[in-house]
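Peer 1: Below is the structure I would like to discuss, written out as structure tokens.
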Amino acid sequence: IQASEDAKPYIPRYIKKIEKLKGFVTITKNTSSAVPIMARVNSSLAVATAIGDKDVVGSTRQCCVLPNPKITCYPVDEFRQGYLVVACDGLWDVAASNQVGQAIKFMDDQKEPPEGMAKRLV
């Protein structure tokens, strides 16, 4: 289950919000990664929502990256037989959610402990 939504700057509604706050999004194709598109807010930040990135400002000097996450709730019972992966864009820039899920399943099948799984993902 993908419990969160990727806040990638190339998603049209995020582009609209960033541009409304007078920022901009640069988009490039990426052939060397599992993720085919790389996008940056003001050519630097790889996410469209963030907490603490107040220095990413638009032409009006107002922050153009909002700190409001999309929150989705699931019953904890849906996760009792699995793993919860909490990671930053450092992982998600090089691996898609389904690839991480497949890696976790493979490591679980190999009886890798959770600490080892986390180290291997890093």
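Peer 1: Has the range 68-84 got at least one residue that is under 21 Å from the mean Cα position of the chain (by Cα), under 18 Å from Leu21 (Cβ atoms) and not basic (Lys, Arg)?
Peer 2: Yes, the range 68-84 has at least one match.
Peer 1: Turning to a different aspect of this structure: Search the range 66-102 for residues being open to solvent by 70 Å² or more (accessible area, probe 1.4 Å) and hydroxyl-bearing (Ser, Thr, Tyr), and hand back the single one that is farthest from Arg13 (Cα to Cα).
Peer 2: Taking the candidates together, the pick is Tyr83.
Peer 1: A further question follows. Among residues belonging to the range 1-29 that are open to solvent by 30 Å² or more (accessible area, probe 1.4 Å) and modelled with pLDDT under 90, point out the one that is farthest from Val100 (Cα to Cα).
Peer 2: Among residues in the range 1-29 that are open to solvent by 30 Å² or more (accessible area, probe 1.4 Å) and modelled with pLDDT under 90, the one farthest from Val100 (Cα to Cα) is Thr28.
Peer 1: Oh, and also: Can you find a residue that is touching a strand residue (DSSP E or B) at 6+ places or on another chain (Cβ under 6 Å), of a type in the set (Ser, Thr, Tyr), more than 16 Å from Glu5 (Cα to Cα) and not in a helix (DSSP H, G or I) anywhere in the range 23-40?
Peer 2: yes
Peer 1: Moving on. Can you confirm whether the range 4-17 contains a residue that is more than 12 Å from the chain's Cα centre (by Cα), on the phi < 0 side of the Ramachandran plot and assigned to a strand (DSSP E or B)?
Peer 2: No, the range 4-17 has no match at all.
Peer 1: Which of the residues spanning the range 66-100 are assigned to a helix (DSSP H, G or I) and touching a residue at least 24 places away in the same chain (Cβ under 8 Å)?
Peer 2: Within the range 66-100, Glu78, Phe79, Asp89, Leu91, Trp92, Ser97, Gln99 qualify.
The values are calculated or read from the model by the stated rules, or taken from the named source; none is laboratory data. What you are looking at is a predicted structure, and each value in this text was computed from that prediction instead of being measured. All Cβ positions, even for glycine, are placed from backbone atoms using ideal geometry, and neighbour counts span all protein chains on display. Note: accessible area is taken over every heavy atom of the protein model, side chains too, but ligands, DNA and RNA are not part of it. Shrake-Rupley method; radii C 1.70, N 1.55, O 1.52, S 1.80 Å.
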